[in-house]
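We did not get these values from a lab; they are worked out from the coordinates using the rules stated. Computed from a predicted structure; not experimentally measured. A quick note on method: Cβ atoms are made from the backbone with ideal geometry, for glycine too, and the neighbour counts reach across all protein chains shown.
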Amino acid sequence: MRLQLRHAAYVAAAVAVLIPLRGYAQGSLAVQGVGYPPGQFSTRTGSTGGALAEIDPLSPINPAALGNLGTTTIYFQAEPEYRRVEVGGLTTKTSQSRFPVMSGGFTMGSRWAAGLSFSTIADRTWQNAVESIEVIGGEAAHAIDTTRSRGAINDTRFALAYAPISWLQVGVGFHAFSGQNQVRLKRVFVDPDDPTALDPRFAVFADSNVISYGGNAISAGIEARAQGLGSLAISYRAGGRISAESGAGDSVIGRANLPDRLGISLAYLGIARSAIAVRAARESWSELNGIGQQGFRARDTWDYSVGGDIAGPRFGPRVLMLRVGARWRDLPFAVVGPDGLPGPTVRETSIAGGIGTLLANGRTALDLGVIRASRTADLAADVSERSWFLSIGLTVRP
């Protein structure tokens, strides 16, 4: 009997790692495939819905934007997510801590700038528990299966920017991608006479599996500014090869290409210390489909945003920046049905707002942002998902 239970648990663990589970089984529509893509936005850019991504030196999107640093800069960001999922009248709530962007940069004279950043391109963290009644040896047993996933794919970028003339900046970035997904499965049986105790008739089973990722890419960008009027910025990331390996590193599960990304933004800069922008980006996530995992399907996505960073009221020498924005996009990984085949696309709409100000005589900047995201998919089941993001960014200029 225990051998049968152990075999079933191994099969369940393998399925949890190799096949993205249904959205309601994971407790999330967003966490499919290799995970949820936060966007690689700084708090300032995230508070505008992502509209400033191509001109923001703290967001590792456009390497040419490093020319806007002005001085040596260190940046750190924390962004917890509070998620609520409703499935057929049932509600689950989860929270997730993220540190999506950390970066540093410095200028070299009036024309050159360089920077190093660490950011998350896909986060796959979720947990779910399923209770069931098993009939084993003619007796009913109360089983609780808990599946937990932890891990992410991260982007380490070194970038250079150069201004050949006063109104033009160009840049190039070199990316190294690494990370892993670890899935743990645990099955326990609860004592029917005491729900707080384990059933002594059966042993607790636990197992885990890990997939590691490694790859590289290169990016380039350009930003052209009209003095006191506006900015046009374009960036392109060409994805190199990425491989997926088993946790022990002794076998390659599959190889594919990292997704290419093309982004363009148009910003109005005619208001002092302010920027109002629109942005569109196309990312070819389908290039990951050769990664080799059964049932893995990614789709190319469009990402649109509009927002502004406006100089607000002044408190002594400090100006309070006011930010607002909206974002519309499809997520790259579809909900997977019980047959293991990809189903409908998950769509996300978000509204954002925030503030920012300078501290310590201008040597420190504090940015606070709040993002409300809703996700939907055309499922037969009644599923809806809502998330709150609290974004905190701290910039230090030594």
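Tabulated values for the structure
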quantity	calculated
Label point distance in nm, Val278-Ser166, each placed 7 Å from Cα along Cα→Cβ	3.0 nm
Cα centroid separation, segment 345-397 to segment 34-66 (Å)	12 Å
Globularity ratio of segment 27-91, using Cα Rg and 2.2 N^0.38 Å	1.49
Dipole-positive endmost among Phe174, Val396, Gly33 within the chain (Cβ charges, Cα centre)	Val396
The chain pair-distance distribution - Cα-Cα, 20 Å bins, rounded %	26, 51, 19, 3, 0
Point-charge dipole on Cβ atoms (K/R +1, D/E -1) for segment 2-396, about Cα centre, debye to 20	1220 debye
When the convex hull of its Cα atoms is projected in every direction, mean area for segment 110-269 (nm²)	14.9 nm²
Leading residue at positive end of dipole, segment 238-324 (Cβ point charges), from Asn257, Ala277, Leu320	Leu320
Separation between Cα centres of segment 203-233 and segment 120-174, rounded to whole Å	13 Å
Cα convex hull of segment 65-188 - mean projected area over all directions, nm²	11.5 nm²
Simple label model, 7 Å out from Cα along Cβ direction - Ala226 to Arg255, nm	4.8 nm
Tilt relative to the chain, helix 2-18 - C-alpha long axis, 0 to 90 degrees, to 10	20 degrees
Approximate spin-label separation Ala176-Leu359, in nm, with each point projected 7 Å along Cα-to-Cβ	3.3 nm
Centroid-to-centroid separation of segment 261-326 and segment 81-95 [C-alpha atoms, Å]	27 Å
Debye intensity ratio in log₁₀ form over the Cα atoms of segment 258-313, taken at each q of 0.26, 0.30 Å⁻¹	-0.96, -1.09
Mean separation of Cα contacts under 8 Å, 6 or more apart, over the residue count of the chain: relative contact order %	19 percent
FRET efficiency, Tyr82 to Phe118 (Cβ-Cβ, R0 22 Å, nearest 0.05)	0.40
